[in-house]
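The values are calculated or read from the model by the stated rules, or taken from the named source; none is laboratory data. Computed from a predicted structure; not experimentally measured. Please note: Cβ atoms are built from the backbone with ideal geometry, for glycine as well, and neighbour counts cover all protein chains shown. Heads up: the accessible areas ignore ligands, DNA and RNA and are worked out on the full protein's heavy atoms, side chains in. Shrake-Rupley method; radii C 1.70, N 1.55, O 1.52, S 1.80 Å.
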Amino acid sequence: MKNSLRTVTFGFFILFFAQTIVAQTAAIRGFVYEKQNGEPAIYANVQLKGTSYGSSTDVNGYFIITKVPEGHYTLIVTYLGFDSDSIDVQLKKNQIINKKLYLKKSSVNLQTVTVNAEYARRRTETNTSVIRITPKAINKIPSIGGQADIAQYLQVVPGVVFTGDQGGQFYIRGGSPIQNKVILDGMTIYNPFHSIGLFSVFETDLIRSANIYTGGFNAEYGGRISSIMDITYRDGNKKRYAGSLGAGTFGGHLMLEGPIVKQKSPESGSASFVLSLKHSYLSESSKMFYKYIDKNGLPFNFTDVYGKITLSAPNGSKVSVFGFNFNDNVKSYKSIADYGWKSSGGGVNFVIIPGNSPVLVEGVFAYSQYNSGINSVAMKNRSSFIGGFNGAINFTYFMGKNTLKYGLEVEGYRTEYHFTNFIDAKIEQIENTTQLGAYAEYKAILGKFIIEPGFRLQWYASLANVSPEPRLSVKYNITNHFRMKFAGGFYSQNLIAATSDRDVVNLFYGFLSGPENLPSTFNGKPITHKLQKAQHAIVGGEFDLSKNVFLNIEAYYKNFSQLTNINRFKIYNEGSAPEGAPDRQVKDFIIEQGNAYGLDVVLKYDYNKFYAWMVYSLGYVHREYENEQGKLSTYTPHFDRRHNVNVVLSYITGPKKQWEFNLRWNFGTGFPFTQVQGFYEHLTLPGGVNTKYSTENGKLGVLYADLYKGRLPTYHRLDVDAKRNFYFSEKTKLVLDFSIINVYNRKNIFYVDLVTGKVVYQLPFMPSLSLNLYF
């Protein structure tokens, strides 16, 4: 196996260096930046006038147009909200020309540019099960607490199920949070959402791009079996010092950016920084503003700090160093005693533009860790830790309209987990694991077809398992306004969740490495590997109903062929089990299987001052496990939501567009939960047969009904906000934001105490006010 991996690795580097010495046809490459701050202009259209040769910029603002006949051309760049720019270029055979273009912000919003940019991407990218989010889109969602946040936007993404205002858990097309990988600047973030689910750890003002892959993602991504969230932050203003400062009834934030070494000319290098701080003081402010909810206040506290320094070379190559520290705490809230987590990390990433080669080289090396714990009357104490590194190097080779991308990725981490179940059987795990991935994917445009085959080889060293994973995406442009698409593939992961399926709502989310302590068989068949595995298939269609109306329909199926779960039937610890006890009574974990399937429909309207986004999702999720009798039983997990509807409306008005009104309404059918049938006195018999059971003080035992056979009531909520912009200068403005959560005060259930039966509701009617200064 090691020899095979060495061969694959060696092959990647031979391919790279071979490409750098082979003579190329004429090509032009470079970067497109926003003139006012030096930030990349992402997804800008770059075209050679009067020809079919063109490209679009990536997340770094990079573009390349290859295999162009020699001659004289005019290069034109168009970008939403900016004036178009053009330059004359002379291309010679076997020559690569480098150019930088700086676009000036336009005083006129060119809607035709918007239409052309989106139309071009739809015809040249497969775009199956991917939502591309920008700060502009995030700000169209009602800014709860005066702070626009990607956590609020994710709730309206098709296929995403959100468990509510409190708990902060997202489930994507049948995948649990542990099966959804979150990446920030190439670094793994283990928990991106705070306990009050309205806020994430991300600073909206820093987001350059956010791509949400809800399934069928290609070979570039591995290590998860459901979805990917890939977020990139900006590098910071290279021209001047800037930032934002805000405070409201929920919390405050500060963001600063600027040059360390100012970029003096387009051909010079620079150094820049960004720094952000977010803090929630809701536990204090709620005692003043929201006493009607709870006289003791709402004890949701969090603090997020992020910093980044970027060094940029004259040719566009760059290296960034970054770090973060995120904290979340809930103290003595009704049925919850204490719950909290801490996360920190840092790393370095880079982009390299080789001299005379149409190759882009990108890489990252980072370390991050996550600690979480919970103490509760209804649940036993639990704690979890995960800490590890990830490193990757990626090569993108451009061949005309076609692209080859390949790379290597290595991950290593340590997990610790401690838990005592309801009969006082201890479950503990401390593991170290390493995994290596090698991948290649190719994008070919063949007439009306866009074909993207890919292959990933994932090696899990600690489990001695290899997972070959083919991937494929295809789009067919039937007409200029109608396209069909498909995506699918094989996926695997090592991490599992440390949660209890007995909880009505999961507050605690810990991490475990793929365990050795598994049953030897499942459904009468031997277990041949210890990984979690899934297969995806997505088919859909895109319809341009008009220049401003877009309809996307996708049907999906995810087969979770092997899953690992906490063993709810464990009775004996490994060393004290009687001879002949079955695995399901002794092992810490059990094997499950399942599937998820459904339909997502998105209708989007965007023109001038009005924006509408409407989503309907139909979803089914099933799991199967071996019950106490050793037979397969089927259940629906607690995130199975049959129908989910989201409507977002946004309207901008006023002579200077100083007023903005936003609305969001969500409806979802009820979640499943496990009902309680009764209680009993549980005797632990510490002295064995010699225990005097007549005098022993037992513990409270719970008799559960069938797993997840109950259903909570339907969930629905209306949120609104109004913003007023006060412009002091071209670069300075003050934004007054008034918002209301749960306008008609719907009582949506959050949590039920299993012992007392007391119902804790989601957030009620909550107005908030904030001021935000941008400079």
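Kindly indicate which of Val364, Val305 is among the aliphatic types (A, V, I, L, M), open to solvent by 10 Å² or more (accessible area, probe 1.4 Å) and farther than 30 Å from Ala444 by Cβ.
Val305
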For this session: Filter region 725-758 down to residues that are part of a strand (DSSP E or B) and in contact with an Asp or Glu (Cβ under 8 Å, 6 or more places away or on another chain), then give me how many there are.
Result: 7
For this session: Please name all residue pairs, on different chains or six or more residues apart, with Cβ atoms under 9 Å, provided the first residue is in region 574-595 and is farther than 27 Å from Tyr491 by Cα and the second residue is open to solvent by 40 Å² or more (accessible area, probe 1.4 Å) and hydrophobic (A, V, I, L, M, F, W, C).
Result: Ala577/Ile571; Ala581/Ile571; Gln585/Ile571; Val586/Ile571
Exercise. Of all residues in region 86-104 being free of Cβ contacts under 8 Å to residues at least 40 places away in the same chain and in contact with a Lys or Arg (Cβ under 8 Å, 6 or more places away or on another chain), which is nearest to Glu267 (Cα to Cα)?
Worked result: Ile87
For this session: Assess whether Tyr715 counts as being farther than 20 Å from Ile141 by Cα and in contact (Cβ under 8 Å) with a residue 60 or more places away in the chain.
Result: no
For this session: Considering each of Ile553, Ile571 in turn, give the residue that is over 25 Å from Gly164 (Cβ atoms) and not in a loop (DSSP other than H, G, I, E, B).
Result: Ile553
Problem set entry | Single unsatisfied condition, Ala23 versus (1) open to solvent by 40 Å² or more (accessible area, probe 1.4 Å); (2) closer than 25 Å to Lys443 by Cα; (3) part of a loop (DSSP other than H, G, I, E, B); (4) modelled with pLDDT of 70 or more | (4)
Problem set entry | Of the criteria (1) farther than 30 Å from Pro764 by Cα; (2) modelled with pLDDT of 90 or more; (3) among the small types (Gly, Ala, Ser), which one Gly174 fails | (1)
For this session: Consider Ser467 carefully, then state whether it is of a type outside the set (Lys, Arg), at negative phi, touching a residue at least 60 places away in the same chain (Cβ under 8 Å) and in contact with a His (Cβ under 9 Å, 6 or more places away or on another chain).
Result: yes
Problem set entry | Residue identified as open to solvent by 20 Å² or more (accessible area, probe 1.4 Å) and at pLDDT 95 or above among Ser383, Ser332, Ser344 | Ser344
For this session: Inspect all residues belonging to region 290-301 and state whether any of them is open to solvent by 50 Å² or more (accessible area, probe 1.4 Å), closer than 19 Å to Tyr774 by Cα and not hydroxyl-bearing (Ser, Thr, Tyr).
Result: no
Problem set entry | Residue list for region 37-82, filter: farther than 15 Å from Lys105 by Cα, buried (at least 19 other Cβ atoms within 10 Å of the Cβ) and in contact with a Lys or Arg (Cβ under 6 Å, 6 or more places away or on another chain) | Ile64
For this session: Scan region 553-579 residue by residue and report those that are among the aromatic types (Phe, Trp, Tyr) and more than 15 Å from Asn627 (Cβ to Cβ).
Result: Tyr556, Tyr557, Phe560, Tyr572
For this session: Could you please give the count of residues in region 612-647 that are aromatic (Phe, Trp, Tyr) and either open to solvent by 40 Å² or more (accessible area, probe 1.4 Å) or without any contact (Cβ under 8 Å) to a residue 40 or more places away in the chain (or both)?
Result: 2
